[in-house]
Structures are given as structure tokens and as C-alpha cells.
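The values are calculated or read from the model by the stated rules, or taken from the named source; none is laboratory data. It should be emphasised that the depicted structure is a prediction, and the values quoted were computed from it without experimental measurement. Here the Cβ positions follow ideal geometry from the backbone for every residue, glycine too, while neighbour counts run over all protein chains shown. Accessible surface areas use protein heavy atoms only, side chains included; no ligands, DNA or RNA. Shrake-Rupley method; radii C 1.70, N 1.55, O 1.52, S 1.80 Å.
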Amino acid sequence: MRRFCPSLTDLQAFEVAARHSSFTRAAQELCVTQGAVSKQVKHLEAFLGVELFLRIRQGLVLTEAGQSYLKKIQAGLGQIEAATVELIAHQGRGGTLHLTCMPTFGARWLIPRLATFMRVRPDIHVEFLPHRQGYDFSTPELDAAVRFGDGIWPGSGADYIVGRDVVPVCSPRLIAGGCERPEELLRYPLLHHTSALEGWRDWFEQAGCDTRRALEGTRFDQYSLLSQAAAAGFGIALIPRCLVEEELRDGRLAVALQLPIRARQGYYLCYPEQKASLPILQAFRAWLMEVSMAAEPRIGDETGAALK
């Protein structure tokens, strides 16, 4: 079906004329005559059935409709230009993968390993979009996101990375030598992540302990803050091992009790179903799954969802 769109030439003439508030200056930029630009804009207005400019002696003034249309047209022309430049630069090979990522996971786990991918696939550039952009896959430029949860997001593919291997950690000064039984942890303040409030309750339940006090304690909205609070002696925090490997090695944190309990939630690579076959996404996913398997061997059904 043919798209209901005006000609690209008319749109370019309108955008340049709007930027300069002048047909004459627009003609100079486009290397055409002033009459040609005026004709193209009039053709666009006829197509739309809406007046885009007020023609006054001092030049051109956008109508209210013209101002609204210009913002959207500039965004669209910018995307077309960026896609064209990228294709020319890469000659159809590689490209840019646009990704959003949880800040702590990105800084502590993904970024330190990403250099390996860059060496293997120097033709693929991974660009991190602002985390506040979230996981809105209706945004055309967003190709994938690293999310924390149980791996079920309607309309999205999801592959488990790491994070279900959780450990109760604290300052070595808080519990000298650690605890022997899980119920002993309840003698100390429990620290929570706001996105995983059920974490401690699930942990104590799997350990066979009373869970009534499992929701008590201070809450933090990032694991980086949570680990800092634990290291400062605020209490015991339940944190994915992959995020505190450095602190455990250098002694800033210690495992309060060695107990192999798996959390229900973890980090997943998510992507819109319509982009599952995107070559650059497939290449990144294959590398990420290999790295994640090496970092945290799978148990049971933790292999994640396959691309469908």
C-alpha cells in the first residue's frame, strides 16, 4: 500500500524555509531558485490543505499548524539522514545498536566486558540511550534494553543474563566470621532494593525461616547505593553476586552466610519482537549469552527465552 506522504523535496523546502524564515535564503542553501522553493512549499500546502506560512513584508512567519508540523518533520528528516549516513559509513555491514541499561548493571557488569565485543565486532557500535528513556519499544531508535525482573514482558523477547545468584552481604565488621544459620540474619537490620522488595522474603522462605520480618528495613532505589550502605555498616543487603564481585574481592563486603539460594528475578536482555531478526541485535545477543553463561552457569530453566 502506498504511503500517504508528500514528496521529500517539498518537505525539505518547507523545513529549510522555516529555519531561515525566507524563501530566498532557503533557495541559497538548496542551490535552487527562490521561485522553486516557493512553488514547492505551495505544493505542500495544497497537499495538506493547510497554510504553513504567513507571507509578510519582513519575510515568512510559521502558522500555528506550521510550527507543530515543523517539529515532527525535522525529527523525521533527521532520522532519514542519520540512517543514510550510517548505511554509507558501514556499507551495509554492522551498524549502531541502541540500548538502554540499568545504571548499576551497566557500570559494574556490562561495560567492563563490552570491550571484548568491540574487538570481536568492531563494525557494531553500541550506543547507550538515556536510562530515563526506559523500555518504550514504540520509540523507533530503541533496539534493546537490559531490564530487571522475572523475564516476562508482553510483546518483548527476553533472554536471561545474570543476577539470580544473590548473596547476603554486609561490612566484615558487622558480623565477624559470618552467621551459621539463616535465622541469625534477622538479628540485624535488613536492607532492600525498591524494585525487589520480595527478595528477602523469598530468600528466607527458601531457607525455611520465618518471613514475618522480611520486609522491615531501609530501602534504596539502586544496587550501587545498597552495596555502599551495606559496606558502611547499615545492615545486611541481598544483592546479585555479579554486582559486588569487586567489593567481595577487596574486603569491603563479606558474605554473611553461604547458602546457594536463587532469586526469582534477574537481569534480562529485552527487545521488541519485530526487531528480533535484526542482524546487529542477533550478534550482540549471541555474544552476551556466551559471556553470561561463563559468568554464571545456568541451573535448570535459567537459559532464558530463545529468539522466536
- Note on the structure: Those residues of segment 186-200 which are within 13 Å of I236 (Cα to Cα) and either assigned to a loop (DSSP other than H, G, I, E, B) or open to solvent by 40 Å² or more (accessible area, probe 1.4 Å) (or both) amount to R187, Y188, P189
- Does E290 satisfy being modelled with pLDDT of 95 or more, open to solvent by 60 Å² or more (accessible area, probe 1.4 Å) and of a type in the set (D, E)? yes
- Among the numbered conditions (1) touching a Gly at 6+ places or on another chain (Cβ under 8 Å); (2) at pLDDT below 90; (3) open to solvent by 40 Å² or more (accessible area, probe 1.4 Å), tell me where L278 comes up short. (1)
- Note on the structure: With criteria (1) more than 19 Å from H193 (Cβ to Cβ); (2) open to solvent by 10 Å² or more (accessible area, probe 1.4 Å), P272 comes up short on (2)
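Just for helices (runs of 4 or more DSSP H) wholly inside segment 201-308: which have at least 3 residues that are over 22 Å from C101 (Cα atoms)?
223-231, 245-250
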- Query: within 23 Å of R113 (Cα to Cα) and either out of contact with any helix residue (DSSP H, G or I) (no Cβ under 8 Å at 6 or more places or on another chain) or not aromatic (F, W, Y) (or both), is that true of P272?
  - Reply: no
- Task: Enumerate the pairs (first residue in segment 152-178 and under 14 Å from L257 (Cα atoms); second residue anywhere and at pLDDT below 95 and part of a strand (DSSP E or B)) with beta-carbon separation below 8 Å, excluding pairs fewer than 6 apart on the same chain, so at least 6 apart or on different chains.
- Result: D165/R262; V166/R262
- Item | Scan of segment 268-297 for residues that are aromatic (F, W, Y) and more than 21 Å from D150 (Cα to Cα), ordered by number | F284, W287
- Item | Exclusive hit being more than 17 Å from A263 (Cα to Cα) and touching a Leu at 6+ places or on another chain (Cβ under 9 Å), set A229, A214 | A229
- Subset of segment 1-46 [loosely packed, with under 14 Cβ neighbours inside 10 Å, among the hydrophobic types (A, V, I, L, M, F, W, C) and in a helix (DSSP H, G or I)]: L8, A46
- Task: Of all residues in segment 153-185, count the ones that are open to solvent by 30 Å² or more (accessible area, probe 1.4 Å) and more than 19 Å from the chain's Cα centre (by Cα).
- Result: 10
- Quick one: F220 ticks every box in (1) more than 18 Å from the chain's Cα centre (by Cα); (2) modelled with pLDDT under 90 bar one, so which box is it? (2)
- Task: Under 7 Å between Cβ atoms, at least 6 apart or on separate chains: pull out the pairs that start in segment 82-105 with a residue that is at pLDDT below 90 and β-branched (V, I, T) and end on any residue that is open to solvent by 60 Å² or more (accessible area, probe 1.4 Å) and outside any strand (DSSP E or B).
- Result: T96/E86
- Note on the structure: Quick count over segment 208-223, residues being open to solvent by 30 Å² or more (accessible area, probe 1.4 Å) and within 25 Å of G151 (Cβ to Cβ), is 6
- Would you pick out the residues in segment 47-64 that are open to solvent by 70 Å² or more (accessible area, probe 1.4 Å) and not in a helix (DSSP H, G or I)? E51, L54, R55, I56, R57, Q58
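Residues that are crowded, with 19+ Cβ neighbours inside 10 Å: find the strands (runs of 3 or more DSSP E) completely inside segment 94-151 holding 3 or more of those.
Counting at least 3 such residues, we get 95-100, 144-149.
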- Yes/no for L77 being open to solvent by 80 Å² or more (accessible area, probe 1.4 Å), under 30 Å from L142 (Cα atoms) and at pLDDT below 95: no
- Item | Positions within segment 189-220 being in contact (Cβ under 8 Å) with a residue 24 or more places away in the chain and over 23 Å from T104 (Cβ atoms), in sequence order | Q206, A207, G208, C209, D210, R213, E216
